[in-house]
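Asks: This is the structure, below, for whatever I ask next.
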Amino acid sequence: MSYIKEKRIFERIPVPNVFGMIEARGIRKDISIINACSGGMCIAGVAVPIGTVVRLHIDNPEENQNKISLYCKVVWAESNNGSSLSGLALLNTNRILFERELESYGRILEAVVMER
């Protein structure tokens, strides 16, 4: 039996009913978020090669017309029986330029935790 060391720093939070879209290399695909944490998320709906930088647009429950737009890097991916999952690490390290987006993303996570 092999042992796989957990590399995540933050607790993963299941995130039901949060949808969005990713853009990579001129292609746009709809996705759903499976779980998330402060450093990234797991998405379903599209196979994206590891190392690809994508722009993630998340539906913002706080503001119906605005989307949260974040840059992410694909750090793992798997496909089984037509189902694809990818792990994204947030790249928006410039907290000044992406302050609104990161705050909105944080509020989504807080709301999910409160509903548990």
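Each value in this text was obtained by applying a stated rule to the coordinates, not by laboratory testing. Note that the structure is predicted; figures quoted are calculated from it, not measured. Cβ sites come from the backbone with ideal geometry, for glycine too, and all protein chains shown count toward neighbours.
Asks: Mind grabbing the base-10 log of I(q)/I(0) for segment 11-64 at q = 0.19, 0.20, 0.29 Å⁻¹? Debye formula, identical points on the C-alpha positions, no solvent, two decimal places.
Replies: -0.68, -0.75, -1.30
Asks: Rank these for me by crowding, Glu99, Glu115, going from fewest to most other beta carbons within 10 Å.
Replies: Ranked by crowding around the Cβ, least crowded first: Glu115, Glu99.
Asks: Among Asp30, Asp59, which comes first, second and so on when ranked by fewest other beta-carbon atoms within 10 Å?
Replies: Numbers: Asp30 11, Asp59 16.
Going from sparsest to densest Cβ surroundings: Asp30, Asp59.
Asks: Quick one: Phe98, Phe19, fewest Cβ neighbours within 10 Å first, how do they rank?
Replies: Neighbour counts put them in this order, fewest first: Phe19, Phe98.
Asks: Sticking with this one: How many nm is it between the label spots at Thr52 and Asn17, if each spot is 7 Å from the Cα in line with the beta carbon?
Replies: 2.9 nm
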